[in-house]
Each structure stands twice: as structure tokens, then as C-alpha cells.
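This is the structure I have questions about; it appears just below.
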Amino acid sequence: MAEFSAIEWTTHTFNPWWGCTKVGPGCDHCYAETFDRRVGGSHWGAGSPRRLVKDWSGPRKWNAAAEHTGERPWVFCASMADVFDNEAPPEWRNRLWSLVRECRNLRWQFVTKRIGNAPKMLPDDWAENFGHCGLLATIVNQEEADRDIPKLLTTPAAWRGLPVRGRQGRRGAGRGL
Ligand code: SF4
């Protein structure tokens, strides 16, 4: 995991696991799948086991530093998976929510192509204890906009947005909703 993210709109990137399944045209050129394959992985597609990342120490380290400096870094979670993937084991997601709940000096951003799954996969105390978290729904066409923006708007979050693509197809901080 990189100490500082190469993605311009966030301070850090945290990947709790790798792997996903393509769910729409926005997945056609998934850089994460390409990278996974390049390093010998096989964690994409229905039925392909996801890979849990061993080292989850980064966020606690960033959180402790943020407490010291008073600055609140942005954390993009996750660039090598979709947190709301049906095939990610629920216990991994529960472990992630525990970490996020603990690291409240960080501003977490969850970017998903599965915003419809969020209400059933968010922790029970999301409204009370996750005021340092935002949800961004990736949308690439009008059909997805019609389907997913209403879902995003009805899912509670401290902030919500739509990632926008910048030069070289990288995702940007997005438009707030
Ligand atoms: S949802 Fe994201 S990580 Fe998953 S296949 Fe699509 S682009 Fe890749």
C-alpha cells in the first residue's frame, strides 16, 4: 500500500481487499482488474475469491498523525475493490466498519458502482458514528443516473457525490449532491 496516494483528489488510499465483478459499462476498462492480473492475481468475476489485504495498519497510523497535526486527511476506500460487492465476505466488511469507526480523524470516501447495496451493507450505527464518511456513486450514463442517483440521495451519509473523470480517466473528487 502506498504511503501517499497517487490519486490526486485524496490524501491516502486504503484497500482492505482486492477483487470485484464487473457490473456495467463503467467497468469496461477497470484498471484494478488489469493491475491484479498483471501481478498474477485472479480475483475478478463472479465466483472468484477476493483477496484480503494483510496489512491494515495504514489508517490507524494516519489517524494518529491526524490527531497530532489537527489536519483531517482524505482516505479513498477502495481502489482495488468495491466495498459493497456482494461477493466480499461480510466479516471483512464488518472488520472494515470497525476500523473506520475507530479512525474518525480521517475523512473516508467510499466510491461504489453498487450504491443500491449500501443500505443493507452499512453498519447499524452508520447514522450515529460515521459522520466522518461520505458516499460517492460512479455513474457513466443516463440510465445509471436515473437508477442510482435516487438511491444515493436516499442513503444517509455525511456527504454524497458523483466522481468525475479528469485527464487520463482518473476519478476526481466529484460533484456534491
Ligand atoms: S466496480 Fe470498480 S473495481 Fe469493480 S469491476 Fe467495476 S470498475 Fe472494477
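Just so you know, all these numbers are worked out from the coordinates, no wet-lab data involved. This is a predicted model, so every value here is computed, not measured. A quick note on method: Cβ atoms are made from the backbone with ideal geometry, for glycine too, and the neighbour counts reach across all protein chains shown.
Please go through the range 109-138 and give me each residue that is of a type in the set (Gly, Ala, Ser) and either within 25 Å of His12 (Cα to Cα) or touching a residue at least 40 places away in the same chain (Cβ under 8 Å) (or both), ordered by number.
Passing the criteria: Ala118, Ala127, Gly131, Gly134, Ala137.
Then there is this: Keeping to the range 27-68, report how many residues are polar (S, T, N, Q) and surrounded by 16 or more Cβ atoms within 10 Å (Cβ to Cβ).
Residues meeting the conditions: 1.
Can you pull out every residue in the range 96-128 that is loosely packed, with under 15 Cβ neighbours inside 10 Å and either farther than 24 Å from Thr69 by Cα or of a type in the set (S, T, N, Q) (or both)?
Within the range 96-128, the first condition is being loosely packed, with under 15 Cβ neighbours inside 10 Å, and the residues that meet it are 98, 102, 119-120, 124-125, 127-128.
Once the filter is applied, which keeps residues that are loosely packed, with under 15 Cβ neighbours inside 10 Å and either farther than 24 Å from Thr69 by Cα or of a type in the set (S, T, N, Q) (or both), the range 96-128 yields Ser98, Pro119, Lys120, Asp124, Asp125, Ala127, Glu128.
Test Lys151 against the criterion of being touching a residue at least 40 places away in the same chain (Cβ under 8 Å), within 16 Å of the ligand (Cβ to nearest atom) and touching a helix residue (DSSP H, G or I) at 6+ places or on another chain (Cβ under 7 Å), and give yes or no.
Considered against the rule, which asks whether it is touching a residue at least 40 places away in the same chain (Cβ under 8 Å), within 16 Å of the ligand (Cβ to nearest atom) and touching a helix residue (DSSP H, G or I) at 6+ places or on another chain (Cβ under 7 Å), Lys151 comes out as no.
Would you check if there is a residue in the range 139-148 being within 14 Å of the ligand (Cβ to nearest atom), closer than 20 Å to Thr13 by Cα, of a type in the set (Val, Ile, Thr) and touching a helix residue (DSSP H, G or I) at 6+ places or on another chain (Cβ under 7 Å)?
Scanning the range 139-148, I find no residue that is within 14 Å of the ligand (Cβ to nearest atom), closer than 20 Å to Thr13 by Cα, of a type in the set (Val, Ile, Thr) and touching a helix residue (DSSP H, G or I) at 6+ places or on another chain (Cβ under 7 Å), so the answer is no.
Just checking, how many residues over the range 9-65 are in a helix (DSSP H, G or I), under 14 Å from Val83 (Cβ atoms) and more than 14 Å from the ligand (Cβ to nearest atom)?
Here the count works out to 1.
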